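The values are calculated or read from the model by the stated rules, or taken from the named source; none is laboratory data. The shown structure was predicted, so the numbers you read here are calculated from the model rather than taken from an experiment. FYI the Cβ positions are ideal-geometry reconstructions off the backbone, even for glycines, and counts take in every protein chain you see. Accessible surface is based on the protein model in full, side chains and every heavy atom, while ligands, DNA and RNA are left aside. Shrake-Rupley method; radii C 1.70, N 1.55, O 1.52, S 1.80 Å.
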Amino acid sequence: MKKIIAMLLAVVMLLGLCACAKTEEPAPTTAAPTEAAPAETTAAPTEAEEEDYFTKLIADAQAEGELVIYGSCEDPYIAAAADAFAAKYNIKTSWQRLTGGEVQAKVEEENGNPSADVWFGGTSDPQAVCASKGLLMQYDAQNAVNLMSDMYRDADGYWYGIYTGIMGFFYNTEILAEKGLDAPKDWDDLIKPEYKGLIWFSNPNTASTSKLFLNATVQMWGQEKAEEYWYNLDQNVEQYTKSGGGPSKNVGPGECAIGIGFLHDAVYQIVSGYDNIGMAVPASGTAAEVGAVSIFEGAKHPNAAKLFIEFCLTPECVELAATTGSYQFLVLKNAKQPEVLEKFDLDISVCIDYDFADAKAHTTERVERFMEVVNGENGSDRFLTS
């Protein structure tokens, strides 16, 4: 009898497991970041505790009365976020647009006495470097629960992601057709002799976009092969722009034939009327940025800065991006993805598992090494900044 009961129990358990199983559906071609399974955490604050926290934070921020923002994404998005925050909380808000490299250089020079309170947008790499130098403030953001995955935040609370975007290349189809050239499809294509003088990229001294590129190429191929690639690519680069978005703005008008950067920047140019732009997600793999927000150590308005971080981690803020022409994938699980992305063949799942800790530790030395590798034949004048 005991054996029969045991067998019945085993059958019931097996049926339960089968009932719970699901077949896996294929991912769509245009794929937003997917939400990871939540990790086990300590008990979340109650609704009353959360309300009390925000009530006090808002009051303290309004008592400070001011917030100063350095922004490293596109100007219209920075302005929209700053204006929305100011209107919502009645706090005087000002902003300045600087590239990621420029912000890093500025706060390093200011050394704990920053002239701004928060850093909004741009890739997380220079923000991570600043965190490693004690130039960012740790903050345990309550609204970080809205993030799709822990990969979109610094483990120690120094920065939080608000969007992500694919690095690739874009090209002027008319110029390539006139020259009888095929469109590039992978990284190795960009170093072919026929593309000499046709490529624009951003300056690693100033642009966080190219810092991500340096880290990604080392992570994908190893240091030696990456350095060889940097050298060969440099032979074909006509111009390095100060900002990572610079190449995308020049492909449509025909000032350059091929640009390297984030594909959402090319999407903006295409929907703005440049139907002569093609795009490619590198076939062998690429990296995705995480656009981040953070607080500067020594911020003069720390409560307003904390409140701004909380605001950035809400759909109310991040959904402003698409209204200003910034078409990145959003990384908040309660936010709506930009509808325009549905028209394009962009699948972020092809991106490598980017090692943020590696980037935090090695970005500075890789920029220095890049300059050593490429400055030999072509000279350093192309990398001077004003």
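Quick look at the values:
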quantity	calculated
Condition check for residue 274: among the aromatic types (Phe, Trp, Tyr), open to solvent by 20 Å² or more (accessible area, probe 1.4 Å) and more than 21 Å from residue 371 (Cα to Cα)	yes
Residues located in segment 87-105, provided they are surrounded by 22 or more Cβ atoms within 10 Å (Cβ to Cβ) and of a type in the set (Gly, Ala, Ser)	100, 101
Matching residues in segment 148-164 - criterion: being surrounded by fewer than 22 Cβ atoms within 10 Å (Cβ to Cβ) and in contact with a Lys or Arg (Cβ under 7 Å, 6 or more places away or on another chain)	148
Given (1) at pLDDT 95 or above; (2) open to solvent by 30 Å² or more (accessible area, probe 1.4 Å), number of the condition residue 366 does not satisfy	(2)
Residue ranges of strands (runs of 3 or more DSSP E) in segment 247-345 with at least 3 members under 22 Å from residue 84 (Cβ atoms) and modelled with pLDDT of 95 or more	288-296
Exclusive hit being touching an Asp or Glu at 6+ places or on another chain (Cβ under 6 Å) and either of a type in the set (Gly, Ala, Ser) or open to solvent by 60 Å² or more (accessible area, probe 1.4 Å) (or both), set 294, 326, 349	326
